[in-house]
Every structure is written in structure tokens, then in C-alpha cells.
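A.B. asks: Pasting in a structure now, in C-alpha cells, and then I'll have a few things to ask.
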Amino acid sequence: MMKDVCLACIGFILQTMIFLAAGRLVFQVLKLKEDISLQLILGYLAYFAVFEILFTPMTLLWVSLSTAAGVWAVIMAVAVLRAFLCIRRHRHMDGTLGQTVRVKAEAVWKQHSVMLLLLAAVIFLQCLIVIFYEDITVDAAYYVGTVSTSVYTNTLGRFDPFRGGILQNFQARYVLSAYPMNNAVWCRLLGIHPIVQAKIVMSCENVIIANLVIYQIGKRLFGKNRKKADLMVLFVCVLQLFCGTIYTAGTFFFTRSYEGKAILANIVFPVVLMCALWLYEEKEDRRVWAVLFITAVSALGFSGSAIILPAAVLAGMVPVMRMKRKLSGLPYCILCMVPSVLYAGVYFACKLGLLSLAAS
């Protein structure tokens, strides 16, 4: 038990560091202003976008889990090293690290005050809820079962998570989304139990990212007022606690936070709203479209339900472009819908028997 707790803490810290490192690189490429919460969000999305691009072909090509984990470990190490060098260069420009951290901490406290402590307590409570709640749906069995079969057979999703036998053909509904394989990779690298990694570590990561997205939306709605944005996070938390049916994002948030559809509902689609508000604020909008494209690619890795993302993109971005009377972003909007359209094309081709994804 104590070993599992220690490994869960280590895994949580390491994965958070990886997301921050990836976010630092995205910030550097897009030349965004310093914002630790947005950095963590973009790092999370960029991480899973790259993971989806690499691991879906690996799965279809029967690459072993140990080989795939080794490749991904090298990529993560390079990303962390590059982010560290970037931070070190900025440290030399801004002064000593201790002084910089102290100044930033004081600025954060001034902007949030006691609301920061209240927000931390609420997010911690949410993490406890998702850790101790046990969901036993069919999807729950898949998101843990496919990690377990992959870890103990050293494969990438080649065994049926429900019956344990080797698959004759990959299921198009699942194989094109690589999110469960991320859990398998971390289980292989750190020795974390699949249930601990899937239901505890990633559940808490998803809860934190979801709250940060709501915070970013609040900042853009309330003119960068941090305290009002904090209050919005608290309000949304209360709202989700009173969601009582299986068709609400709040139910997925608290009871199925480790599943792909829960990530779409509570992270990906809210990020589309965040991008729409960002587009409304920004005069130079290309960075917004870059973020939205990263989001569109990462969405494929979470769930096949990402095929409905184009509808969300149209609903969020087109009204803003009309309000600004600037339709020059329409080609970018179409580009952001391409990943989901391609995904849908492959999926329906498999369902109609036009394409077969052989597993053995």
C-alpha cells in the first residue's frame, strides 16, 4: 500500500513536470506572455497531441510497450532538458532564481490573496472525491483493463481488455485514441499499478487541468480580474457537484475523470470556449489558432467522440469572427477541423468494412 502511494506521488510530480516543460516549449514557440496556469494547460494538450501522433502508428505496427516506452522516455528527457535551458537563459536575464521566484510569488498572492488558499482546498477536495469514488461502468473496465493487458503482455492494446484474448482486429472505436497507452507507458517506466495510474494519478491531473481551464475562461470573461476568476472556479465546482444525471459534464468530472469522454467534456470543449474568448480579445489571432489546432489533435487521443469537435469549433469561433467582422481566420478554422474529419473518415471506413485494422 505504501509503495503504491509513493509511486503515485512520484508519478504525479513527474508527469506534472513534463506537462510544464512541454508548456514552456509551446510558450517559447508561440511567444506567449508568462502565465503558469496557461503553460500547464498547453503543455498537457501538446503532450497528448504528440503522443497521439506517435503512438497510434506504433500500436498499428505492433511495436512492443517496452520499446515505445523507451522512445517516449527519450523524447520527454529532451523536452525537459530544452525547457530547463530555456528557463536558465531567462534566469540570467532576470536575475537570481530565488529573487525571481520570490517576486512572482508575491505578485500571485497580491492578485489572489486568500482566494488562492480556498481554491487550493476546493481542488484538493475534488481530487479526493475522484480518488475514492469507484465507477464500475463498461468504459471504466476498458480504461483500466486495456492498460493492464498492455502492461502485462508488453504490447500496445493488442489484447481484449474484457476477455483477455488477443484481438484479431483492432477496435476502431478505441485503437485510434492513444490516451490509455500513456498510462501503460508510465506503468512500464515507474512500475505503477495500472489502477493507481489510471484512476488516481491521471484523474488528479485531469481535475487540476480542468479547473485551470475554467480559471482561464474566468480571467478572459472578467477583464483579467484574478479574484473573480477564482470565484468562477468555485461556482463551477458547486454547479458540478449538483449534476445528477449521466449526461452532464459534472457527472463525468467527478465519477469518470480518467475516461476520454470526461476529458473532452471538461478540458477540450472548455478550451475551445477559452480560444473563442481569446480570439475576441486578441488583435493578432494566429497564436489562438495554433493553440486550437493543438487542442484538436490532442482531442483525438482522448476519445473517438472527438469527431464532434468541428461542431464546437464552428459554434465557438465563427460567431467571434463575425462579431469582429474579420473572416480572415476562416481558413485556420477549417484547418482546426481537419484532424477530426480525418479521424471520422477512418472510423466510418472501418465500421463500413472498407478498411480493416488487423491486430494479429
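The values are calculated or read from the model by the stated rules, or taken from the named source; none is laboratory data. Just so we're clear, the structure is a prediction, and the values are computed from it rather than from any experiment. Positions of Cβ are backbone-derived with ideal geometry, glycine not excepted, and every protein chain shown enters the neighbour counts. Quick note on the areas: whole protein, heavy atoms, side chains included, nothing else; ligands and nucleic acids left out. Shrake-Rupley method; radii C 1.70, N 1.55, O 1.52, S 1.80 Å.
A.B. asks: Look at segment 251-287 and say how many of its residues are more than 13 Å from the chain's Cα centre (by Cα) and free of Cβ contacts under 8 Å to residues at least 24 places away in the same chain.
C.D. replies: Final tally of qualifying residues: 5.
A.B. asks: From (1) polar (S, T, N, Q); (2) open to solvent by 10 Å² or more (accessible area, probe 1.4 Å); (3) at pLDDT 90 or above, pick out the condition that doesn't hold for Gln216.
C.D. replies: Only one criterion is unmet by Gln216, namely (2).
A.B. asks: Let me ask something else. Determine which single condition Glu205 fails, assuming it passes every other condition in (1) under 30 Å from Trp278 (Cα atoms); (2) in contact (Cβ under 8 Å) with a residue 24 or more places away in the chain; (3) over 18 Å from the mean Cα position of the chain (by Cα).
C.D. replies: All conditions are met except number (3).
A.B. asks: From the list Leu277, Leu355, Leu335, Leu327, exactly one residue is in contact with a helix residue (DSSP H, G or I) (Cβ under 6 Å, 6 or more places away or on another chain) and closer than 30 Å to Leu61 by Cα. Which is it?
C.D. replies: It is Leu355.
A.B. asks: Go through Ile123, Ile131 for me and flag whichever is in contact with a Ser or Thr (Cβ under 7 Å, 6 or more places away or on another chain) and in a helix (DSSP H, G or I).
C.D. replies: After ruling out the rest, the residue left standing is Ile131.
A.B. asks: Note down all Cβ pairs under 6 Å where the first residue falls in segment 337-360 and is of a type in the set (A, V, I, L, M, F, W, C) and at pLDDT 80 or above, the second is part of a loop (DSSP other than H, G, I, E, B) and open to solvent by less than 80 Å² (accessible area, probe 1.4 Å), and they're at least six residues apart or on different chains.
C.D. replies: That search, which allows pairs on different chains as well, returns Ala349/Leu355.
A.B. asks: Is it the case that segment 128-139 has a residue that's surrounded by 15 or more Cβ atoms within 10 Å (Cβ to Cβ), more than 19 Å from the chain's Cα centre (by Cα) and in contact (Cβ under 8 Å) with a residue 24 or more places away in the chain?
C.D. replies: yes
A.B. asks: To continue, here is another question. Restricting to segment 159-195, name every residue that is buried (at least 20 other Cβ atoms within 10 Å of the Cβ), part of a helix (DSSP H, G or I) and at pLDDT 90 or above.
C.D. replies: Hits for segment 159-195 are Tyr179, Pro180, Met181, Asn182, Asn183, Ala184, Val185, Trp186, Cys187, Arg188, Pro194.
A.B. asks: Applying the selection to segment 333-360, what residues are open to solvent by 70 Å² or more (accessible area, probe 1.4 Å) and part of a helix (DSSP H, G or I)?
C.D. replies: Correct list: Ile334, Leu335, Val341, Leu342, Phe348, Lys351.
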